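Following: one structure in structure tokens, then a few remarks.
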Amino acid sequence: MNSSPLTALCPAVVADTWSPVGPRPCLRPKTHPGSGLTLSFTLPGDARSAFVGRTAIAAALEAHGLAGFVWPATQAVAELAAVGARMSPGRELYVSLRHRDEAIRLLVWDQHPRHVEPDVAALCEVRRRRALWLLAAVVEDWGGEWGTCDAAQPQVGVKGWAVLPR
């Protein structure tokens, strides 16, 4: 038996599934009718998290037969995660993906605290929206909606979201 570090420990993993970054995640779609995709995970508040979020979202959508949503959803999560990491560096980001009613609903919640001074809060919001210009273009092109809102009390932070219809 080959004992290289790239050899899979699981006997169900076939040798030809190896890629430079390792085997693809094994995600099984739900089999009962009417069930939607539901995925939630956290990411570190780091610029590299945009890539990790894209990879996880793409794998989940493909596993659930929703490959048509991969491009806009991965663009959306990358933009929301990158901006969230810049707004609250070093703090975790929460990512949620849902498929319901023939639409993808994506949410990225960062832990950026609310500013007490109104002028600073307004400037901060303007900067966040400007940084999300690519998200706005992708979602508009797809016929969807996006936005940001403060997290509900007692939670702290900002939730960025996008809805992408079929």
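Of all residues in the range 116-138, those satisfying the criterion of being more than 19 Å from the chain's Cα centre (by Cα) and assigned to a loop (DSSP other than H, G, I, E, B) are V116, E117.
Scanning the range 105-136 for residues that are closer than 20 Å to F69 by Cα and open to solvent by less than 50 Å² (accessible area, probe 1.4 Å) turns up L106, L107, V108, L132, L135, A136. Of all residues in the range 61-103, those that are open to solvent by 30 Å² or more (accessible area, probe 1.4 Å), in contact with a strand residue (DSSP E or B) (Cβ under 8 Å, 6 or more places away or on another chain) and either of a type in the set (D, E, K, R) or assigned to a loop (DSSP other than H, G, I, E, B) (or both) total 5. Residues in the range 40-60 that are in a helix (DSSP H, G or I) and touching a strand residue (DSSP E or B) at 6+ places or on another chain (Cβ under 8 Å): S49, V52, G53, A56, I57, A60.
When P154 is tested against the conditions (1) surrounded by 20 or more Cβ atoms within 10 Å (Cβ to Cβ); (2) without any contact (Cβ under 8 Å) to a residue 12 or more places away in the chain, the lone failure is (1).
Per the listing R105, R129, the residue uniquely free of Cβ contacts under 8 Å to residues at least 40 places away in the same chain and of a type outside the set (G, A, S) is R129.
The values are calculated or read from the model by the stated rules, or taken from the named source; none is laboratory data. Because the structure is a prediction, the values reported are computed rather than measured. When we count neighbours, we look across all protein chains shown, and the Cβ atoms used for this are built from the backbone with ideal geometry, even at glycine. Side chains included, ligands, DNA and RNA excluded: accessible areas come from the protein's heavy atoms. Shrake-Rupley method; radii C 1.70, N 1.55, O 1.52, S 1.80 Å.
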